[in-house]
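Since the structure comes first, as structure tokens, the remarks are kept for the end.
Every number in this text was worked out from the coordinates using simple rules, so none of it is lab data. In this text, all values refer to a predicted model and were calculated from it rather than measured experimentally. Cβ coordinates were reconstructed from backbone atoms using ideal geometry, including for glycine residues, and neighbour counts include every protein chain displayed.
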Amino acid sequence: CEGQLLMVTPRPIEALRVVAPEKVDRGSQVEVQIEIVDANGMAVDAIVPLKLEVEDAEGRPAEFAGYWAAVDGRATITLDIAKNDTVGTWVIRATELASNRLAKHYLTVANDVRKPAEVQIRGDAANPVQPDG
């Protein structure tokens, strides 16, 4: 095989899908499902190696990138989007390493529209002296 690793599956791999929401607010989690399917759209009954790449809106790699295994043709990866992550369109790119198929998903990271709780100031705000106690 000239140094190649071969993988035999009951049904040939036909496609790779990345399933995730289209939009998420900063400070939340995103569940990304990667599916390796046959011609009938059924998950392939195998453990398939994957490479995951996630780029933020400025094209920088995100911390979730790496190698994963799709057990029974499926992998679920949770991305934690920090409150200070870049707003804009992120790219989730999955490569199935048995047949080198590639799938992309675009994710819009938006500002959280919720307003923080109002801050209450006690005492005289103009007086910088701290109260005792």
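Quick check: net charge around GLU63, other residues with Cβ under 12 Å of its Cβ, Lys/Arg +1 and Asp/Glu -1? Kindly include the intermediate steps, with their values, before the conclusion.
Details: positive: ARG60; negative: GLU53, GLU55, ASP56, ASP80, ASP85.
Once positives and negatives cancel, what remains is -4.
Would you mind computing, in nm to one decimal, how far apart the modelled labels at GLN29 and VAL8 are, each placed 7 Å from Cα along Cα→Cβ?
Output for this residue pair reads 4.0 nm.
Put a dot 7 Å past each Cα toward the Cβ at THR78 and LYS104; how far apart are the dots in nm?
Modelled inter-label distance: 2.9 nm.
Show me the trypsin sites (Lys or Arg not before Pro) within region 28-95 that DSSP assigns to loop and that have at most 10 other Cβ atoms within 10 Å of their Cβ.
Details: sites: LYS51, ARG74, LYS83, ARG93; in loops: LYS83.
Of the trypsin sites (Lys or Arg not before Pro), the ones in loops of region 28-95 whose Cβ has at most 10 other Cβ atoms within 10 Å are LYS83.
For ASN40 and GLU58, compute 0.36 nm times the residue count separating them, minus their Cα-Cα distance, and round to one decimal in nm.
2.8 nm
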